[in-house]
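For reference, the structure discussed in these notes is given below.
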Amino acid sequence: MTLDELIKRIADVETKAATLIASAESASALEAARTSLVGRKSGELTALIKELPTLAPEERRDAGAAVNRAKTSIESALDARSSEISSHDTSVTTADLTMPARRIWKGGKHPVTLVIEEIEDIFRELGFTVALGPEAETEWYNFGALNFPPDHPAMDMHDTLYIDDDLLLRTHTSPVQIRTLQNYKPPIRILAPGNAYRRDFFDASHAPVFMQIEGLSVDEGVSFVDLKATLTNFANRFFGKTKTRFRPSFFPFTEPSAEMDLECRLCKGAGCSACKGSGWTEILGSGMVHPAVLDASGVDSERYTGWAFGMGPARIAMQRYGIPDIRLLYDSDMRFLEQLAG
Ligand code: 2NL
């Protein structure tokens, strides 16, 4: 090859390079251009460099300088185009970076759990702690220690689920209170939430497994005034300021016993279908702990007195959220639960 020919070929490669580089729209197209122009093996300019030794020695200096100038200018054009392409790389910029992330559905709390937690929060402020215990109990913890006479109908196989002769599924959470009285010295202020079991048919208002929450306060000098004041304060906190009343009742484990009613929120006491015309709805049972219960648990009933209450958080949730059938709380139907999930 002559020097003139080589110079012309270099100029041709430079012209071609300018179009090739300018038309490359992606990093891979640009990389292909780089290979075809200055690649080690098959680059067109590289091929011309390999021609240098065929020239006459006095021509090689000018030819070498021309090839190097072309190589430098092609390489800087390649670099400039490369930074242009990466600054408008469409694969990054089409994503909407302001769009909120899709979060994983982690579930929500069941309405009965919400009610239990709210009750716990109110009583926690009043100095109560939460106590838990077994769901399978002996007859003594479930009935005997609670002053049930030996022939009480609640102990009947028709009402209670027995595992064997002496083991049964607790019918209330009172056994937790008995175990606390046995193991701790007064003052005692506890809340006992948990499952309880009865041999009932599953209908609109009964379930064979249900949540119960009981409370117990035992100390020297505790009176019915403490019961009324604490439970009235609780009702006003939980339901908002509402009239309450206490009615005499009976439980084997309390004497005297009282049921607390709340003025019906729907008719404001006038009487409606929700309160069956009475103007009141029952929310809990309560009473002064029977001295026989304290003595059975090893607490001196001459020195200590106490009060207790029990309520069904499912019933409370039904009143609060207007749920007409208790089975809705057991069905796990997301269309229902999602409306109340906390
Ligand atoms: C209800 C109301 C109640 C209690 C539960 C209790 C526990 C001990 C001693 C005395 Cl260890 N009482 N719990 C008291 C009054 C009522 O439950 O409607 N139950 C069916």
Sites matching trypsin sites (Lys or Arg not before Pro) across the range 287-342 that sit in DSSP coil, with at most 13 neighbouring C-beta atoms within 10 Å = ARG303
Loop trypsin sites (Lys or Arg not before Pro), the range 1-81, which have at most 12 other Cβ atoms in a 10 Å radius of their Cβ (DSSP) | ARG40, LYS41, LYS50
Pull out the extension gain between ALA47 and GLU5, defined as 0.36 nm times the separation in residues minus the alpha carbon to alpha carbon distance; nm, one decimal.
-> 13.8 nm
Between the range 284-342 and the range 39-53, what is the C-alpha centre distance in whole Å?
-> 91
Enumerate the whole-percent occupancy of each 5 Å bin, from 0 to the last occupied one, for all C-alpha pair distances of the range 1-116.
-> 2, 10, 16, 14, 11, 8, 6, 5, 4, 4, 3, 3, 3, 3, 2, 2, 2, 1, 1, 1
For the range 200-341, accessible area per residue (1.4 Å probe, heavy atoms of protein chains only), Å² = 51
Pop out the ³J(HN,Hα) list for the range 265-278 in order, Karplus 6.51 cos²θ - 1.76 cosθ + 1.60 with θ = phi - 60°, rounded to Hz; leave Gly and Pro as x.
-> 6, 7, 10, 6, x, 6, x, 8, 6, 5, 9, 6, x, 7
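Please go through the residue pairs LYS109/LYS276; LYS8/LYS50; LYS8/LYS71; LYS41/LYS71; LYS243/LYS276 and name each one whose alpha carbons sit more than 22 Å apart in this structure.
With Cα atoms farther than 22 Å apart: LYS109/LYS276.
First measure r as the distance between the Cβ atoms of PHE224 and GLU125, then evaluate 1/(1 + (r/R0)^6) with R0 = 25 Å and state the FRET efficiency to the nearest 0.05.
0.70
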In the range 196-258 the accessible area split gives carbon plus sulfur, as whole percent at 1.4 Å, a share of 58
Estimated FRET transfer efficiency (HIS88, LEU266; beta-carbon r; R0 45 Å; 0.05) | 0.10
In nanometres, what is the gap between the two model label sites at ARG102 and SER205, each 7 Å from Cα along Cα-to-Cβ?
-> 4.7
Accessible area per residue of the range 59-172 at 1.4 Å probe, in Å²?
-> 66
Shape descriptors of the range 194-342 over alpha-carbon atoms, Rg and Dmax in angstrom, are 17.3, 55
Note the per residue figure in Å³ for the convex hull of the C-alpha positions in the chain.
-> 267
Carbon and sulfur atoms: what percent of the 1.4 Å accessible area of the range 73-169 do they account for?
-> 57
Give a quick list of chymotrypsin sites (Phe, Trp or Tyr not before Pro) in the range 106-203 that DSSP marks as loop, anything other than H, G, I, E or B, with at most 14 other Cβ atoms within 10 Å.
-> TYR184, PHE201, PHE202
DSSP H helices in the chain with Cα extent of 20 Å or more along the helix axis and mean Kyte-Doolittle hydropathy at least 0.5?
-> none
Provide, for q = 0.17, 0.20, 0.28 Å⁻¹, the log10 of I(q)/I(0) from a solvent-free Debye sum over equal Cα point scatterers in the range 113-156.
-> -0.70, -0.76, -0.90
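The values are calculated or read from the model by the stated rules, or taken from the named source; none is laboratory data. Note that the structure is a prediction, hence the values are computed from the model and not measured. Using ideal geometry, Cβ is built from the backbone for each residue, glycine included, and neighbour counts are taken over all protein chains shown. The accessibility values were calculated without ligands, DNA or RNA, using every heavy atom of the protein model including side chains. Shrake-Rupley method; radii C 1.70, N 1.55, O 1.52, S 1.80 Å.
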